[in-house]
Amino acid sequence: EFPSPKIHFNIGQAANELGQVVKALHHYEQFVAGFRKEDAPELWQVAHQRIFKLQEQVGTILLQINIPGAEVSVDGRTLGQSPITKPLRFAPGPHVVQVGKPGFEKHVATVKVQGGVVSVARVKLLTEAEAMAMRKEVQRLEAERQRITEKLARERAESEAARQGRLRSLRRGGWASLGIGAGLLVMSVVVGGLNLAEVGKVEDASGNPTWS
């Protein structure tokens with residue numbers, strides 16, 4: 001494709017200046033692979049240093065797909081059919097991976113790439129029937145979860161209502177007991193007063209009263 005490996009160095013330099021780290025790394029590696037160090041030691045040293053630096057800025061995705069012959073694309077760019085054995089290198093950040101094949105449910109996932117890190121993306125394509133059965137099971141589980149949540153909410157509400165009822169009963173009982181106590185206190189005071197009045201009458205009586 002290129003008449004001289006040195007062209008890879010020039011492309012790598014331009015891509016590196018533009019911040020195209022994946023492209024720059026690829027062309028520096030092509031230059032080092034196709035150019036002997038003794039033929040251009042200064043350029044080879046620069047390329048080698050740039051490769052070492054760029055490898056820390058480029059993330060790698062290893063795709064593992066359970067079905068052969070599936071079309072694979074990343075960020076809208078078609079990469080070919082599975083199995084894809086070579087590592088896929090990307091700039092750091094989120095990347096959208098799509099895998100599809102006729103008769104199977106399309107798989108779409110976002111893979112977050114980190115510089116200098118190799119990420120493994122495992123893709124399991126399901127047949128359309130399998131995908132439908134899985135969706136039904138997910139819906140069933142969600143309905144069951146909702147039912148349990150509502151049941152717990154009702155039980156909590158009923159428990160709180162019963163607690164509030166007990167508190168009201170205790171408050172009513174307390175006021176009733178207080179009223180009874182106050183009534184007994186008043187009665188005891190009245191009775192005590194009457195007894196004192198009777199005692200006063202006896203003490204005030206003169207002479208020897210005749211008892212009959």
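The values are calculated or read from the model by the stated rules, or taken from the named source; none is laboratory data. Note that the coordinates shown come from a computational prediction; the quantities given were computed from them, not determined experimentally. Neighbour counts run over all protein chains shown; Cβ positions are idealised from the backbone, glycine included. Note: accessible area is taken over every heavy atom of the protein model, side chains too, but ligands, DNA and RNA are not part of it. Shrake-Rupley method; radii C 1.70, N 1.55, O 1.52, S 1.80 Å.
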With all protein chains in place and a 1.4 Å probe, Ile7 shows an accessible area in Å² (nearest 10) of 60 Å²
Once you have the Cα-Cα distance between Lys112 and Arg145, take 0.36 nm times their residue separation minus that, and quote the gain in nm to one decimal.
8.8 nm
Placing each pseudo-label 7 Å from Cα in the direction of the beta carbon, Leu126 and Arg166 end up separated by a distance in nanometres of 4.7 nm
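Please give the charge dipole size of the range 50-146, origin at the Cα centre, charges +1 on K and R Cβ atoms and -1 on D and E Cβ atoms. Round to the nearest 20 debye.
Details: 14 positive and 9 negative charges, 72 e Å.
It comes to approximately 340 debye.
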Filtered hits (lysines, Cα-Cα < 21 Å from Lys37, offset >= 8 within chain) -> Lys6, Lys53
